[in-house]
1. Among the candidates 62, 66, 30, single out the residue that is in contact (Cβ under 8 Å) with a residue 60 or more places away in the chain, open to solvent by 30 Å² or more (accessible area, probe 1.4 Å) and out of contact with any Ser or Thr (no Cβ under 7 Å at 6 or more places or on another chain).
2. For the range 138-151, how many residues are open to solvent by 10 Å² or more (accessible area, probe 1.4 Å) and under 11 Å from residue 12 (Cα atoms)?
3. Assess whether residue 290 counts as being on the phi > 0 side of the Ramachandran plot, surrounded by fewer than 19 Cβ atoms within 10 Å (Cβ to Cβ) and out of contact with any Leu (no Cβ under 6 Å at 6 or more places or on another chain).
4. What number of residues within the range 99-135 satisfy the criterion of being among the hydrophobic types (A, V, I, L, M, F, W, C), closer than 13 Å to residue 86 by Cβ and open to solvent by less than 10 Å² (accessible area, probe 1.4 Å)?
5. Would you be able to say whether some residue in the range 10-18 is aromatic (Phe, Trp, Tyr), part of a helix (DSSP H, G or I), within 18 Å of residue 234 (Cβ to Cβ) and open to solvent by 20 Å² or more (accessible area, probe 1.4 Å)?
6. Read through the list (1) out of contact with any helix residue (DSSP H, G or I) (no Cβ under 8 Å at 6 or more places or on another chain); (2) modelled with pLDDT of 85 or more; (3) among the hydroxyl-bearing types (Ser, Thr, Tyr), then give the number of the only condition that residue 303 fails.
7. Inspect all residues belonging to the range 264-286 and state whether any of them is assigned to a helix (DSSP H, G or I), open to solvent by less than 20 Å² (accessible area, probe 1.4 Å), within 30 Å of residue 70 (Cβ to Cβ) and at pLDDT below 80.
8. Residue 229 versus (1) in a loop (DSSP other than H, G, I, E, B); (2) crowded, with 20+ Cβ neighbours inside 10 Å: which is the lone unmet condition?
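The values are calculated or read from the model by the stated rules, or taken from the named source; none is laboratory data. What you see is a predicted model; the values in this text were computed from it and never measured. Every residue, glycine as well, gets a Cβ built from its backbone with ideal geometry; the counts of neighbours run over all protein chains shown. Surface accessibility is based on the protein's heavy atoms, side chains included, excluding ligands, DNA and RNA. Shrake-Rupley method; radii C 1.70, N 1.55, O 1.52, S 1.80 Å.
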Amino acid sequence: FGRTRARVTHAVVVIFLEFFAWGLLTTPMLVVLHQTFPQHTFLMNGLVHGVKGFLSFLSAPLIGALSDTWGRKSFLLITVFFTCAPIPFMKISPWWYFALIAVSGIFAVTFSVIFAYVADVTEEHERSTAYGLVSATFAASLVTSPAIGAYLSAHYGDSLVVLVATVIAVADIAFVFFLVPESLPDKMRLSSWGFPISWEQADPFASLRRVGKDSTVLLICVTVFLSYLPEAGQYSSFFLYLKQVIQFSPEAIAAFIAMVGILSIVAQTLFLSILMRTIGKKNTVLLGLGFQLLQLFWYAFGSEPWMMWAAGTIAAMSSITFPAVSALVSHNASADQQGVVQGMITGIRGLCNGLGPALYGFIFFLFNVELSDVQPVAGRGEQPTQRSVIPGPPFLFGACAVILALIVAVFIPENHRLVDAKNQTANKPAHGSAAHAQNGSTLTTPTSDAEDIEPLLQDSSM
C-alpha cells in the first residue's frame, strides 16, 4: 500500500469506528443485561465492568511502554481487536458476551495507544488541538449511533443491530491493519523483537509509587482518581438508571446521548481552548470540577425527566475536566516516553473503571434500586421503582468524591516541571536505552506554555 505519513486523521477514524459500533448496541445491551442477570442487575453490571477496568489498570502501563519500543501500530491493532471482540457474542451467547467484556480489559486500552500515536505525529503547539479533536470524535461517534441502534432494534430486531456493529468493528480492524501507518520513527524502535522493558515499567503499582515521589504529580493523580471514580461508575450504569428509575424510553435515551454528545463536542473543542488560553490550566480544572459537582447533585436528587435533561447539559460542560488535568502532565514528557506517560494516566483511569462500576452497582444494591420489571417503556402507568428522597444514591457519593477532588486541586501549583516520566528512561535495560537516549536529547518537549490535552472519555463506556 506504500508508506503514507501518519496523521491525526488515522487516530480519529479508529476511535470513531470503534465507539460507533459500541454505540449501536446501547438499547440491545440493556435488554440482554437484564435477561442474563434478572436478579441484582445493577450489581452484576458493576462487577462485569469492574473486572474489565481493573484488568485495564494492570495492563495499560505495560502496553504503553511496549508501544514506545515496538511501535504503535501493532498494539493499536491488538487493542482495537480485543475491545470489539465481545460484540458478536451478544447474540451468540450472552454469558460469553459479558465474560469477554470482563476479560477484554487486559488489552482493551485503545486510548492509551491512541494518545501516544497523536503525540508522535504532532508538534508541541499542535497537540492541544489534536487531542481535542480525538476527544470530540469520541463524543461524535455517540451522537447518532444509539439512535440508529434503537431504530434498527425496534423495526428489524436486535440481531441486525449486532450484525451491523460487528461489520463496523471488522472494518475498524481492517482499517488499522491495511491503512494506518506506523507513527513511531524507525530510529526510536528496536530493530528486533525482544523484551526491552523492566518489570518496574510494566508494574502498574510501581508506576503509582513513582507518582508519589513528586508532590505535584501526586496531587494531580489524586484529583484524577477522585473525579474520575464517580464518572466511571456513571458510565457503566447511567443508561440503565435512566430506563429503570427515570422511566426513559429507548428513543429518549438515544436522544439524551445525542444531546450530551453534541454539547460535549462544543465544550471540548470551542470552550476548552478558550478557557485554557484565558483562565489557565488550573482554573479550567476547577471550573470543570464545579460543573461535575453540580451535575452529580442534580442526578442524585432529580426524579423527573426534565431534571435529567438539564443535568445532561451540565455533564457536557464537565467534560473539560480531564483534558485540562492531563495538560498539567503530558506536555512535559519526552517524545520517547509518551506511551509510558499515557499508559500511567490510563492506568489510573483503569483503576477507576474497575472500582467505580463495582462501587456504583454495590450502592444501588444496598439501596434496593433494582430492575424488577423491564418492559418497553410507555411513559405511563405505575413506576416499578418506588421513589425515595435520594433517587440516585451513588451519584450523591460521587458528588462527595468530587468535593474532595476540588479541595485537592486547589493545592496544585500553576506551573511545575514534572520529571518522573523522563527519569524512567534511565531505568530502561541497556539494550533498549541507546536509541531512546539519543532521541531524549533532541526530542524532549519544550518548556513552553503549549498544552497537550488528552481525551476525557475511554474505552469502558460500554
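1. 62 is the lone residue from the list that is in contact (Cβ under 8 Å) with a residue 60 or more places away in the chain, open to solvent by 30 Å² or more (accessible area, probe 1.4 Å) and out of contact with any Ser or Thr (no Cβ under 7 Å at 6 or more places or on another chain).
2. Within the range 138-151, residues that are open to solvent by 10 Å² or more (accessible area, probe 1.4 Å) and under 11 Å from residue 12 (Cα atoms) number 1.
3. Details: on the phi > 0 side of the Ramachandran plot: no; surrounded by fewer than 19 Cβ atoms within 10 Å (Cβ to Cβ): yes; out of contact with any Leu (no Cβ under 6 Å at 6 or more places or on another chain): yes.
Answer is no for this residue.
4. At the first step, the residues of the range 99-135 found to be among the hydrophobic types (A, V, I, L, M, F, W, C) are 99-103, 106-109, 111, 113-116, 118-119, 121, 130, 133-134.
Going one step further and asking which of them are closer than 13 Å to residue 86 by Cβ, we end up with 99-103, 106-108.
This time we only want the ones that are open to solvent by less than 10 Å² (accessible area, probe 1.4 Å), so: 101, 108.
Residues meeting the conditions: 2.
5. Applying the first criterion (aromatic (Phe, Trp, Tyr)) to the range 10-18 yields 16.
Narrowing further to those that are part of a helix (DSSP H, G or I): 16.
Still in the running and within 18 Å of residue 234 (Cβ to Cβ): none.
Looking for residues that are aromatic (Phe, Trp, Tyr), part of a helix (DSSP H, G or I), within 18 Å of residue 234 (Cβ to Cβ) and open to solvent by 20 Å² or more (accessible area, probe 1.4 Å), one finds none in the range 10-18, hence no.
6. The number of the failed condition is (2).
7. Checked the range 264-286: no residue is assigned to a helix (DSSP H, G or I), open to solvent by less than 20 Å² (accessible area, probe 1.4 Å), within 30 Å of residue 70 (Cβ to Cβ) and at pLDDT below 80.
8. (1)
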